[in-house]
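Single-structure report; data block below.
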Amino acid sequence: MSERLKSDEDFSKIDLNPSKTGWMDTPTVIKDGMFCFAAKPQSVKTLDLPYSREWNPKHDDWKLPENWKEIIYEGMRDRLDRFRTFKIFMDICVRCGACADKCHFFIGTGDPKNMPVLRAELIRSVYKNDFTTFGKIFGKLGGARPLTLDVLKEWWYYFFQCSECRRCSVFCPYGIDTAEITIIGRELLNLLGLNIDWIATPVSNCYMTGNHMGIQPHAFVGMLEFFVDDIEECTGVRVNPTFNKKGADILFVTPSGDVFGDPGTYTCMGYMILFHYLKEKYGLEVTWSTYASEGGNFGLFTSNEVMKRLNSKMYAEAKRLGVKWILGGECGHMWRVINQYMGTMNGPADFLEEPVNPITGTKFENAKSTKMVHIVEFTADLIKHGKLDLDPSRNDNLKVTFHDSCNPARGMGFFEEPRYVIKNVCNNYYDMPRNCIKEQTFCCGSGSGLNASEDMELRLAGGLPRANAVKYVNEKHGVNMLACICAIDRAVLPPLMGYWVPEVDVTGIHELVTNALIIPGEKEKTVNLRGEDIPDKESDPDEYYVRPAFSGR
Amino acid sequence: MNVNYMFSLLAVVVLILLAYVGVEGAGLQVLFGVIIPYIAVFIFIAGFVYRVMDWVRSPVPFRIPSTCGQQKSLPWIKENKIDNPSTAGGVIVRMIFEILFFRSLFRNTSCRLNEGAKITYVWEKWLWLAALAFHYSFLTVLIRHLRFFLEPVPVCLQLLEKVDSFFQLGLPGLFLSGVVLLAAVIFLFLRRIYIPQVRYISLASDFFPLFLIISIAITGIFMRYFTKVDIVGIKEFAMGLVTLHPTIPDGLGGLFYVHLFLVSVLFVYFPFSKLMHMGGVFLSPTRNLPNNNRAERHINPWNPSVKLHTYQEYEDDFREKMIEAGLPVEKES
């Protein structure tokens, strides 16, 4: 109970009114709990990225190269020539302020430099100073300021307080996308070796071992075999996943986070059960890869080149194994990369077939070039054609709401597929208010590589608007389960809910699907994948469900 | 006292005085009436074209529309063809909605933190309304002014004037557009002062065009309804400018030259400033591209070649462990 009171107290302290002092004259202080630790030199080195070194954001000396200003200047010039977005977004903002209170980090912290417009001004001011006649003539009056060490530190602090969720871009009359500005800002910082470790080390792991967690091939197999035992214990059915199997129909790629931590593990078991079901009933062969064992791509949070390096493994492995097409698991930014970058960066995927669901005959027209299908699209298609044997009452202990993850929402428009699946496997579904879902969805507060533990204060503040909307449906409808299609969500929403709405737990959609799925040869199920009792048909869900005690952050 | 808007206000006052004294005191009618307007129009056109060409020179490496509606996926799921277009036609409609009706701004909400740890979001239509009122009344005023530059005045212009002066309040008829323009621009100024977040982000260069346009509107309204300038003289002057035979009729008065000078300043200021959003809104890659990237490959002209960690290298790193775990390998040793 004391946790709850503290969160209410934290809420009452938020003040969205900026101070009297202008932002250019307000020095940035790097606060504990609000930033992530610096990248380890070894991780930066593994990727051959520049200026790997030990450094500490809290120290005065960041051990920058002598000519750091020149590097940034050249980096900006180069990116202005390569990205029309950067140039236009620097030039046309009118500071109307429509974006100001759209950012979850601003709403949660009240820090004015978290208003999207000001986050962009941090770099726009330097752009004006160095690249425009206007800025050279009018200086500070025109919003220009020279690049100094303090400005650079401010960039670092605030570009790693943006989760690239693009909510502001939905409201901007010119479509200015702060994610794009942050992406380019982080690219520039990476030119000086200024990454955070929570991004750099997963990226380096992924590059060498195939996944962010650094799970080596034998260990990856071992972990999934653990799940095989767990599944057998719960369902009486022994599933048999295949790895690196040449000639399989489909390659399946999902974030490694789901192999690693609860409640993502249950989603992972869900995939395994579904693939077993499809193989037994329809003979479909889906294989996992240990080389391309990561769907997520923290390269997106480093630079477009690094993103391309990590993403290339999916096509390379699909080609080597000779599969027909690729199926992608539930993940947020992974799908931004697949939907908006993959074909451009690493295509054309002419060695794959245009994806067709062999069970239903459905052609996935929308994926005919990139040749990668979202597992929720795939499952929705199976359900629509009656190919899955489902008993939604097995989820009757749950009252479910759905968190649209930022990237599938605003980088794809992935709204109805997940809702369709959930409504077919659960009897109790409630949406959060309209301003908090679909294209207006709020970030979990930990996206874009900010899901470390040292910045927990930032994460809990940034996740406030999301949690507050969940709290609303919890109080109104008794919602006790928050479904999502993102591995970062599954990792970070439990502590967020634990802090703001402790009555609500978190799940992936495919955990719900396989709870409801009647598997051929299953024993009479008494517990679900989590080892919780399955409800009697007659019981009242309100009385039935008791959430297990929250075990702390 | 806010330095940003005081400075801009002062700048506009100085500009007004400059033109007034220049004409009334020093007799510089030719400078303010002919030379500066010609230069201003040239800078406006050349600057505008240069800026747009400069944007177009940079490629669009990735197709990254902000998707604000359901994607096109399975045939039985209804796609939102406008807010998440999958075709060029959809993009055109989306852009029309953005440019003519300010679609995105229409979504605007205002966030409030309430007692009892509750956040609410209220539809905020005033910025959208004021922005629409401002831009459309400005456009109407601009088009109305064409009657000074065209002989004979086209029928459509006469019609526009009729509609615009729908409310007959004595003579000359009151133009609605002028009043709405002034009211809207004053609203836009006041929200910059009174909304704390907007005040915080506003620069001197945000206030300057507002004061400039307020002054242009006021001088215009003054000339039409109060000082009753010599319309025939102004028409003769304007026709001289467009036919490249500039003449300076007598008796146009200092106020007219102030009005003209402020418009010239606006023209010169335009291509160098945020006012270029007029051109930029057409080119914004988050709005003017379809979300069909998985169906049709987008080409990045500078797609970099990058260093990869290939499967072969990976297998070399882990071969023994892979064999031990029963994983198939390409090479046994």
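Each reported figure results from applying straightforward, stated rules to the coordinates on display, with no laboratory input. Just so it is clear, the model here is predicted, and its values are computed rather than measured. Glycine also receives a Cβ, built like all others from the backbone with ideal geometry; neighbour counts cover every protein chain displayed.
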Self-check item: 19 Å Cα-Cα reach of A:Lys63 towards aspartates and glutamates, excluding residues that sit fewer than 8 places from it in its own chain
Solution: A:Asp48, A:Glu54, A:Asp150, A:Glu154, A:Glu187, A:Asp197
Exercise. Just add up the charged neighbours of B:Arg199: K/R +1, D/E -1, any other residue whose Cβ is under 11 Å from the Cβ of B:Arg199.
Key: +3
Quiz item: In region A:83-170, if every C-alpha pair distance is counted and binned at 5 Å from zero, what percent goes to each bin?
Solution: 3, 14, 23, 25, 20, 12, 3, 0
Exercise. Name the lysines eligible as straight-distance cross-link partners of A:Lys136: C-alpha to C-alpha under 16 Å, and not fewer than 8 places from it in the same chain.
Key: A:Lys128, B:Lys274
Quiz prompt | In order through region B:215-229: 3J(HN,Hα) via Karplus (6.51 cos²θ - 1.76 cosθ + 1.60), integer Hz, x for Gly, Pro | solution = 5, 4, 5, 5, 5, x, 4, 4, 5, 6, 9, 10, 7, 6, 5
Quiz item: By average Cβ neighbour count within 10 Å, what is the ranking of A:500-510, B:18-28 from highest down?
Solution: A:500-510, B:18-28
Quiz item: Where does each of A:524-534, A:95-105 land if you order them by average Cβ count within 10 Å, highest first?
Solution: A:95-105, A:524-534
Quiz prompt | Evaluated at q = 0.09, 0.18 Å⁻¹: base-10 log I(q)/I(0), Debye formula over Cα of region A:392-544 | solution = -0.28, -1.06
Quiz item: Got a sec to turn the phi values of region A:33-40 into Karplus ³J(HN,Hα) couplings, 6.51 cos²θ - 1.76 cosθ + 1.60 with θ = phi - 60°, whole Hz, x for Gly and Pro?
Solution: x, 10, 9, 9, 5, 5, 4, 5
Self-check item: Spacing of the two label points (7 Å from each Cα toward its C-beta) at A:Glu225 and B:Ile186, in nm
Solution: 8.0 nm
Exercise. Please report the orientation-averaged projected area of the protein assembly as shown, defined via the convex hull of its C-alpha atoms, in nm².
Key: 39.8 nm²
Quiz item: What percent antiparallel are the DSSP beta bridges of the protein assembly as shown, to the nearest 5?
Solution: 30 percent
Quiz item: With each pseudo-label sitting 7 Å past Cα toward Cβ, what's the B:Ile39-B:Val179 distance in nm, one decimal?
Solution: 3.9 nm
Quiz item: Taking the alpha-carbon centroid of each part, what is the distance from region B:256-303 to region A:230-262 in angstrom?
Solution: 49 Å
Exercise. Work out the length of the dipole vector of chain A about its Cα centre, built from +1 on the beta-carbon of each Lys and Arg and -1 on the beta-carbon of each Asp and Glu, and round it to the nearest 20 debye.
Key: 1840 debye
Self-check item: Calculated P(r) tail over 29 Å for region B:3-302, as whole % of Cα pairs
Solution: 49 percent
Exercise. Name the long-range amide H neighbours of A:Phe415: under 5 Å, sequence gap of 5 or more, or other chain; modelled H, no Pro or chain starts.
Key: B:Gln71
Self-check item: Scattering profile of region A:10-195 at q = 0.15 Å⁻¹ [log10 I(q)/I(0), Debye over alpha-carbon scatterers]
Solution: -0.93
Quiz item: Of the peptides B:64-70, B:36-42, how do they stack up when ordered by the mean number of other Cβ atoms within 10 Å, highest first?
Solution: B:64-70, B:36-42
Self-check item: Length gained when the stretch A:Thr526-A:Lys387 is fully extended (0.36 nm per residue, less Cα-Cα span)
Solution: 47.6 nm
Quiz prompt | Distant-in-sequence amide H partners of A:Ala38 (H built 1.01 Å from N, under 5 Å) | solution = A:Asp197
Exercise. Would you mind checking the pairs A:Lys399/A:Lys438; A:Lys387/B:Lys321; A:Lys102/B:Lys81; A:Lys245/A:Lys399; A:Lys31/A:Lys438 and listing those with alpha carbons more than 28 angstrom apart?
Key: A:Lys387/B:Lys321; A:Lys245/A:Lys399; A:Lys31/A:Lys438
Practice problem: Determine the shielding of peptide A:363-376 by partner chains: average, over its residues, the number of Cβ atoms on other chains within 10 angstrom of each Cβ. | Solution: 4
Quiz item: Under 16 Å from the Cα of B:Lys78, which aspartates and glutamates turn up, not counting those fewer than eight places away in the same chain?
Solution: A:Glu365, A:Glu377, A:Asp381, A:Glu416, A:Glu417, A:Glu439
Quiz item: Considering amide H positions built from the backbone, and no H for Pro or chain starts, which residues 5 or more places from B:Thr109, or on another chain, come under 5 Å of its amide H?
Solution: B:Glu124
Quiz item: Hey, got the average number of other protein chain Cβ atoms within 10 angstrom for residues in A:343-354?
Solution: 3
Quiz item: Near B:Tyr5, within a Cβ-to-Cβ distance under 12 Å, what is the net charge of the other residues, with Lys and Arg +1 and Asp and Glu -1?
Solution: +1
Quiz item: Which ³J(HN,Hα) values, rounded to whole Hz and listed in residue order, are derived for region A:235-244 from phi using the Karplus coefficients 6.51, -1.76 and 1.60 in 6.51 cos²θ - 1.76 cosθ + 1.60 with θ = phi - 60°, glycine and proline given as x?
Solution: 10, x, 10, 9, 8, 9, x, 10, 10, 6
Quiz item: Per residue of A:165-172, what is the mean number of Cβ atoms on other protein chains within 10 angstrom of that residue's Cβ?
Solution: 5
